Structures are given as C-alpha cells and as structure tokens.
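Comments concern the structure below.
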Amino acid sequence: MLNVTVNGTNIFDPLEGNTQEIIDFFVSYYGEEHRERITKRLNNTTLIFTSRNLFGENPLIENVKHFYSQKENFIYNKIFSELVQYTPKFPSNFNTPGDAYLVKCAIEENNIDVLMYDKITDLIEMFGLERPDCPLVDYNHKTIDEWLAIDVNRDRVLRCVNYILRICKYKYGDIISQVLQEKQLAISQLKTYDNQIDIAVNTTSNICKILVGKYLLKKCPKMQKLTADEFSDDVDIFMSIMQLGVENFINKDDFLRTESLILIELFKHMGFNLGNDISKYQSNYKLLSVIFDNELCEQVNSYSKKSVVEMCKNNPYFQDVLQTIQGLNIKGGNLEIAYSALQFVQNVSTQGAVMLQYIDSKTDELKFVCLFPDAVSVCDYAIFHELNHVIESDLVKSAEDGFVAKCGFEIFERKYLNEDFCFENLLAGKKVKGEETSRPKRESEIFNEIINDYFALQMYKKVREKGKVYAFGDMRLSAYMSCYDFLKGFVVKYEKQIIDCRLSKDPKAFEKLIGKDNMELLSISFDFLFNYYENYNTYYCQAIDEISKKTNIPSNEVTARFNEYINLKIEWSKPAEMFVSTVKTISQTFDKIDQSLQQSNNSATEKIARTFKKLKILPTPQKRPDDNGDQK
Amino acid sequence: MKIKIIIKSNFEQRKIEIDTQTNQCLVNNVPKVINAYEFAKKLSMITLSWQPEYRNPAVIDGESFVVEIADDLVCKKYVGFNDYPANYHQFLKLIMGVIK
C-alpha cells in the first residue's frame, strides 16, 4: 500500500483501525436496531484511497502544500493568541489573527530590526491590513518610522517580538520543524510517484506523434513549409481521423462545419486540394490510402497499446488499487472493477468518489469497494455519502451469470464478465460495455442521492461537533445540496420512516409507504430540479422577483414564505413557471404524503383503541414529566 | 457554432457555454475571455472519434459528462456516465484550460 504521511496519517489509509468507531458512529445515527446491518456491510467494504495524475500534474501536491500552510498558520496563530493572552502590555494594534504572521517572519528572519524595517511593508500587504475595517489602514502610506512614531511604542514591539522568538525557540521550535520535515517528506514522496508516470506518459505519447509526423513529411513533402505549430496541429488532426477509422470516415455524413473546415485545411496542407466539399475527400482513394496506411496504422496501434500498458505499469496509484482489487474474491472476474479504478485514477477530473458492489466468490455475500481520492482531497462528508450507499445495499438475487442488488430506492442488475484484469484484456478492449451489463433506467436516482446526501451532511456535522476528523480535505458543497430546501421539512418530520425504508431489504419499501404515484412525482420533480441546478438560483430569484412585483410584497418576505406565495394565481414568465410548477408539485406531493401518513397513524391508533375497548382494557395514559397533574 | 459542456460529480458541477459567432464563453454562468474558435476547433478534433454514449452501469456516483455541439445544420450530443472515450484526458485538459 502507498504510504505518504500527512499530519501523522497515511493519506492512502486514513481510516486505518477506525472501523469499529465508524460502525458505532453509524449505529448512533441510524439506531441500534440497525447495528447488525451496519456492522456487516461496513465490515464487507474495502475503502481505497488513491490519487490522480491529470496531464502530468498531480493536484495532490498542491493540496498537501495548502494543508501544511494552513497548519503552520494554525501554529503561529496559537502562539500569537498566547502572546495576546499572557502579555498584558501587548500593543493593541497587534491584535488581529493575521498578525500571527509576524511570528513566522520573526522566526525566519531571526532579526527583529530587519523584520521591523524591511519586512513591514510586505507584511502589511500580506496581512490584508489595507482592508478598510483594519485599524492600521491609515498607516499604509507612511514610512515605518512614521508608523512606529504614531501610536506604537517601538520598544514594546521589539520586546514582544523578542518574546515571540523565545517562545518559538523553546516551546514551539520542535513542533514547527517537525511539521516542515513532514511536509518536505510527503511532497518528495509524491513527486517520486509522479515522475514515474510523467516519464511513461511523455515517452509513449511522443513516440506516436513522432511516427505520424515523420510519415506525413515523407508522404507529403509540402508540409515542410508549415510552421512548427501548424504542423503539430495537423499531426493531431491526422491522428484523430486515424482513430475514427476508414469506414467511419468514408460513411460519415454529419460533419460539423468546423470539422469539415479543419479536415479540408489539413488535406490541402497535405497537397490534396479537391475544393471545399468534404464528400469529395471522403471518396478520394489516393487520399484515403495516405490517411489509412496499413503499416502506419499498425505501428501507431502497437505503440498506443504499449503506451496504455506502460501507463498502467508506471502509475503507482493504479498499481496500488489493482493490488487491493486482485486480493478480493470478486465473482465474475475483477476486470470491471479494475477498469473503473483505472478510469478513476487516470481520467476523472473532479473529486467525487465511486461505490461498486460485487459478490464474494467464496461466501456469495454482497460486498463493496469504495474509491476515494486521498485523505487530503476528500472530506468525511464524501466518505459518509458513499458509506450510506453501502449500508442501504442488499442482495436481491444471485444467479450463475450475474446478480441483482438494491441500493436505497434503486435496483441494479449486473451480468458477470468472467474476466480478470490483465493487460491483454485491457488492450483487447474488454472493458465494460453497455451491452454487456444492463442498467435499468434509474428513475429515483437523484431523489435517492439527495436524501442520501442530506443524511451524510447531518452525520458530518455530528462528527465535527465531536471534534473528530478522519480525512481532512476541505469541506465542499455537494451538487445535491441545492435541492435540500425543498426536501428538508419532510425528511426531518419522517426521518425514522425514511431511514427504516432505506435500510430495509425491500427496494420498494419507501414507495409502499408514500404511494407509487407520489414516488414517481417526487422522482421526476427532483430530477428536474437537480438537472437545472446551474440555473436554479436564477429561476428562484426570478420567481421571487415576479411574486414581489405582482403583489407588492417585499422580496425578503416572499423568500421567507416562498412555498405559500407560489400558490397565488400569478401570470408567470416561462422559465419561472417551470421552476414554480416543479416546486409546487414537490410541496403538494409532500403535503399529500403527510396527510396520508397522519391518517394511517390515526387509524392505527384508533384500531388499537378499538381493540382495547373490545377487550375491555383501557390503557392508562402515561404521565409525562412536563404534565402538571391535571390530566383528565 | 454553439457548444454546451456539463461535467458533474457529487462535489463538482461545471458548465461551459461557448458561442463562436459572438466569441462568448460562460463558465458556470460567469463570462470568460477565450478564443472561442480555437476552442471549438480543438474540441471538434477531440470528439471526432467519439461515440454518442459511454456508460458503465456498475458504478454508483462517479462522474458524468454531456457535450453538445451545434451549428446551423448539425447538432451532436455525447454523454458519458462513469465511462469515457479513450482520449477523455485530452478533453479534460482542454476544459481545464478554460476553467482555470
């Protein structure tokens, strides 16, 4: 396993030894009655923390630097607050947290006078002291002597900085040097990993480009007159056509105008001027024989394959993930999961995480793999989101050729590929394809995700309240949060029922509780809201604005009681109408479900009362602690 | 030519809208200065060999993308759910150049 220590934790295994603690935390959130389910599923989960190298740049290194700069600032701020606390005569001008930076400079310079005279201008800038709310704003344009002469006692400042130096040296010196050492070590380890990948990527991709370039110059000598940039662009375009393949190129009839222009320009550079009609080029045998030269295609193909293998072999992140996956007993072969992991490590740009279900070939149990970015990039909120998916999963059906599993309100059907990961399989293109596994339309996907994410956030808040942190990436807003406003009231009121349904074996449990029609309406409405997320605020503001203008009610009042005002008969503009109608549907559906659940609760209570009456047993009302005793 | 690109994952949502005629570019609804034609040219070449749809049904969460490119005559749409074309990294590099 990869091992890079940041903050005393291996960022590729931040939850090490914490499984039981996490199980207990999940049980405390979801209820003791779900302990067995939670324990079993979380024990059956392999969490893999990895990293990505995108285009030869590893964002992880920047994240590690950012983490340590925050940590250093934290230490300096701590020293500074001690100074403020224990030095009664500490100058009042030095009382903003940013002033802690003085401490850092004092240590680095180890020369108070240099610090005070030469660094102060930089410091003012770095502290952000030019901000209008800063008491030092007026001193920005003054010389240091003027600045010190105004109302800061220079001797007192010097004494303080001396004191800072002493404290730092004797009390915090070790901690600071330990942090700096840890930072240097982590970064140098990560750079070693990255160098391996860079060499592999650059060497192999350049070989293909050089091959094609040499070929073009040989076949089309006119191209020598092109500038280096023009020629490089042409090589890229040429390789794209090669990738498209001869048949697809000949039969393609939906070229965009830009595509045609670029291709025709390339062909003209190559010495084939057949006018500006792309079809003339598509049917020109001579041109086709140059573009799709068998020998060149074979060479490029062979190097491309080599490049994929080299990239896989030299990517320590992927090798690490692969090793873990190969150690699991994945029924139906591990190709599918390994391939997903490869894409996660190589391609995916954002800091999401993925969860995959599989059947253990030895025990026939449903098990899970969760892939996360390293602990510096991911925060506990994302981990809880994925683990929520794990605990809401159940095996519905297992067969020889595949299995059916439930995840929340959804069902997944999976067919086995019966292939293990090896380079031959990868190169033969035996990756996951649509026709090899079926994925039923996930109608409730967004609705399920929003609820899941809402619970993950509540859990994250709880864990932070306890002061516990597992992974330490910055908290980021999830895409699903935008829909919380319209869901929160209902989830808070029926939290227990929703949890019980999500953690039930029956994927239809929630649908049975709220009704099929309501489930469909909510699924469609939340899908719409989420997919228009990027314009969500625009729609929302527009709707508020329209209500406010048409009713003369101030917009803040409309915002506070939005759900009530959208029921007014207003002639909406088109975009606002779509948004309002979706919000209305959600609100009305929740009201309908609320009424129906209340009724069923009442009828259940009445039923119990009738039963008691029949049996001539009257239940004695329980006295609540806040009752004052005059209950009748 | 009009281009619309959406990349989504749990914790990230990026939308790029480009109009080559007006040389206008919006990244998450915020205007950006780019050479729209150059961008369109590179994107066209990257997507030339793409299939309309990529899908890995085995994955829960993860990343999805939608790329829509339209001119007066043709409208193309490429979508991916946890599966990506072979040169997706080139696409990401192009996108990141605009987002940064």
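The values are calculated or read from the model by the stated rules, or taken from the named source; none is laboratory data. Because the structure is a prediction, the values reported are computed rather than measured. Virtual Cβ from ideal backbone geometry, glycine too; neighbours counted across all protein chains shown. For accessibility, only protein heavy atoms count, side chains too; no ligands or nucleic acids. Shrake-Rupley method; radii C 1.70, N 1.55, O 1.52, S 1.80 Å.
Things to note:
- For A:Lys466, solvent-accessible area (1.4 Å; no DNA, RNA or ligand), Å²: 140
- Which of B:Ser64, A:Ser393 is most accessible, then next, and so on - probe 1.4 Å: B:Ser64, A:Ser393
- With kT/(6 pi eta Rh) evaluated at 10 °C and eta = 1.306 mPa s, and Rh the Kirkwood radius from Cα pairs, the range A:380-422 diffuses with a coefficient of 134 µm²/s according to Stokes-Einstein.
- Debye log10 I(q)/I(0) at q = 0.19, 0.23 Å⁻¹ for the range A:1-52, Cα point scatterers: -0.70, -0.85
- Pairwise label distance in nanometres, A:Asn73 with A:Asn43, each label 7 Å out on the Cα-Cβ vector: 4.4
- Our summary of shape: the Cα atoms of the range A:256-382 have principal axis extents of 64, 33, 27 Å, ordered from largest down, in whole angstrom.
- The heavy atoms of A:Asp364 offer some 70 square angstrom of accessible surface to a 1.4 angstrom probe.
- Tensor-based shape of the range A:182-284 (alpha-carbon gyration tensor, a/c under 1.5 rounded, otherwise prolate or oblate): prolate
- Surface calculation, 1.4 Å probe, protein heavy atoms: A:Lys65 sits at approximately 80 Å² accessible.
- Ranked by solvent-accessible area (1.4 Å probe, protein heavy atoms only, all chains present), the residues B:Asp83, A:Asp13 order from largest to smallest as A:Asp13, B:Asp83.
- Label-point separation in nm, A:Asn602 to A:Val246, each point 7 Å along Cα→Cβ: 7.8
- Label-point separation, A:Ser302 to B:Leu26 (7 Å along Cα→Cβ), nm: 5.1
- Long pairs among A:Lys268/B:Lys8; A:Lys225/B:Lys42; A:Lys78/A:Lys496; A:Lys574/B:Lys42; A:Lys306/A:Lys331, criterion Cα-Cα beyond 32 Å: A:Lys268/B:Lys8; A:Lys78/A:Lys496; A:Lys574/B:Lys42
- Most to least accessible of A:Phe231, A:Phe562 (protein chains only, probe 1.4 Å): A:Phe231, A:Phe562
- The overall shape of the range A:508-570, judged from the alpha-carbon gyration tensor, is prolate: a/c is not under 1.5, and a/b is greater than b/c.
- FRET efficiency, 1/(1 + (r/R0)^6) with R0 22 Å, evaluated for A:Glu424 and A:Asn294 via beta carbons: 0.45
- Shape of the range A:372-514, Cα gyration tensor, a/c cut at 1.5: oblate
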